[in-house]
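A.B. asks: Have a look at this one.
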Amino acid sequence: MRRKKLILSALAGFVLFSFPRPALAMHIAEGFLPLGWCVFWGVLTLPFFIAGILSIGKKVKHHPELKMLLGLAGAFAFVLSALKLPSVTGSCSHPTGVGLGAVLFGPAAMSVLGSIVLIFQALLLAHGGLSTLGANTFSMAVAGPLVAYAVYRFALKLKLPFWLGVFLAAALGDLFTYLVTSLQLALAFPDPAGGMALSFLKFASIFALTQIPLAVSEGLLTVVIFNLLTVHSRRELEELLVLPGGKIS
């Protein structure tokens, strides 16, 4: 057990320190959204956050050894979502890292982990903002994980190879996050001529140039991390019912 904790700690350390964390990176920037939309997305996110607290509490109560995996999932999301590739005004493209935690602990838990990640990024890295916390949390820590989890579970039902299910979950969860971000920006800033629909198309098209290759890269990296976990934390993965039939296929 002690050896397993040391291995998971090393994995978390690898995730935290192996990637650069540029301080100028942003999600939707502080003050960029009108106040009404900031409140709207914050209120919409709140029920998911509460459900996430209950979900994590239940899992940790029955399986205290899962705390290290929770820390790893949070560290993974923190580092990947702090990477920046400039995209459209007031935002940027970056990996999200939510697929790992969504597959491990479900989408509800990721709403809490993602919120914590975004708060620390806003306070320590000037990455996103407190006023836009609700919007950024909904897109990255609610919508993305919901899709990632659904895709992975559907892949299990189809009996796809384990690695492919993980890859699709991480990649599509990443892409859906940016579709939601595009919708958030389009709702707040509709095109004068074409309205919200045209604005959404513009934002999504610009994001796609950088986000598609980032999503593929995130999917591959998530598969690598999962392969390590299946070797060093297989029992925990089986307790979480993550592995198909208790085996890697």
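To keep it simple, each residue is scored yes or no on (1) free of Cβ contacts under 8 Å to residues at least 60 places away in the same chain; (2) touching a helix residue (DSSP H, G or I) at 6+ places or on another chain (Cβ under 9 Å); (3) within 18 Å of Asn227 (Cα to Cα).
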site	(1), (2), (3)
Ala155	yes, yes, yes
Ala169	no, yes, yes
Leu172	yes, yes, no
Thr181	no, yes, no
Leu185	no, yes, no
Ala188	no, yes, no
Ala193	yes, no, no
Phe200	yes, yes, no
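A.B. asks: Looking at (1) more than 22 Å from Leu183 (Cα to Cα); (2) touching a residue at least 40 places away in the same chain (Cβ under 8 Å); (3) of a type outside the set (Asp, Glu), can you tell me which one Ile206 breaks?
C.D. replies: So the condition that Ile206 fails would be (1).
A.B. asks: For the subset of the range 96-146 comprising residues that are in contact with an Asp or Glu (Cβ under 9 Å, 6 or more places away or on another chain) and of a type in the set (Val, Ile, Thr), which member is farthest from Phe226 (Cα to Cα)?
C.D. replies: Thr132
A.B. asks: Also, I was wondering about something else. Among the candidates Pro244, Pro161, Pro213, Pro190, single out the residue that is more than 17 Å from Ala102 (Cα to Cα) and surrounded by 15 or more Cβ atoms within 10 Å (Cβ to Cβ).
C.D. replies: Numbers: Pro244 fails: more than 17 Å from Ala102 (Cα to Cα); Pro161 fails: surrounded by 15 or more Cβ atoms within 10 Å (Cβ to Cβ); Pro213 fails: surrounded by 15 or more Cβ atoms within 10 Å (Cβ to Cβ).
So the residue among Pro244, Pro161, Pro213, Pro190 that is more than 17 Å from Ala102 (Cα to Cα) and surrounded by 15 or more Cβ atoms within 10 Å (Cβ to Cβ) is Pro190.
A.B. asks: Here's something else I'd like to know. Look at the range 95-116 and say how many of its residues are more than 10 Å from Ala170 (Cα to Cα), aliphatic (A, V, I, L, M) and touching a Ser or Thr at 6+ places or on another chain (Cβ under 6 Å).
C.D. replies: So the first thing to find is which residues in the range 95-116 are more than 10 Å from Ala170 (Cα to Cα), and the list is 104-116.
Retained after the next criterion (residues that are aliphatic (A, V, I, L, M)): 104, 108-110, 112-113, 116.
Next, from what is left, pick out any that are touching a Ser or Thr at 6+ places or on another chain (Cβ under 6 Å): 108-109.
Here the count works out to 2.
A.B. asks: Filter the range 71-119 for residues that are surrounded by fewer than 24 Cβ atoms within 10 Å (Cβ to Cβ) and of a type in the set (S, T, N, Q); which is modelled with the highest pLDDT?
C.D. replies: Ser115
A.B. asks: Return a yes/no flag: does the range 217-234 have any residue that is out of contact with any Ser or Thr (no Cβ under 8 Å at 6 or more places or on another chain) and of a type in the set (Asp, Glu).
C.D. replies: no
A.B. asks: Quick check on my filter: what residues within the range 120-158 are outside any helix (DSSP H, G or I) and surrounded by fewer than 22 Cβ atoms within 10 Å (Cβ to Cβ)? Step through it out loud before you land on a result.
C.D. replies: Filtering the range 120-158 for residues outside any helix (DSSP H, G or I) gives 125-132, 158.
Correct list: Leu125, Ala126, Leu130, Ser131, Leu158.
A.B. asks: Okay, moving on. Pick out the one residue from Thr222, Thr210 that is in contact with a Leu (Cβ under 6 Å, 6 or more places away or on another chain) and at pLDDT 95 or above.
C.D. replies: Within the list Thr222, Thr210, the selection yields Thr222.
The values are calculated or read from the model by the stated rules, or taken from the named source; none is laboratory data. Because the structure is predicted, anything quoted here is derived from the model rather than measured. Note: ideal-geometry Cβ built from the backbone for every residue, glycine included; neighbour counts use all protein chains shown.
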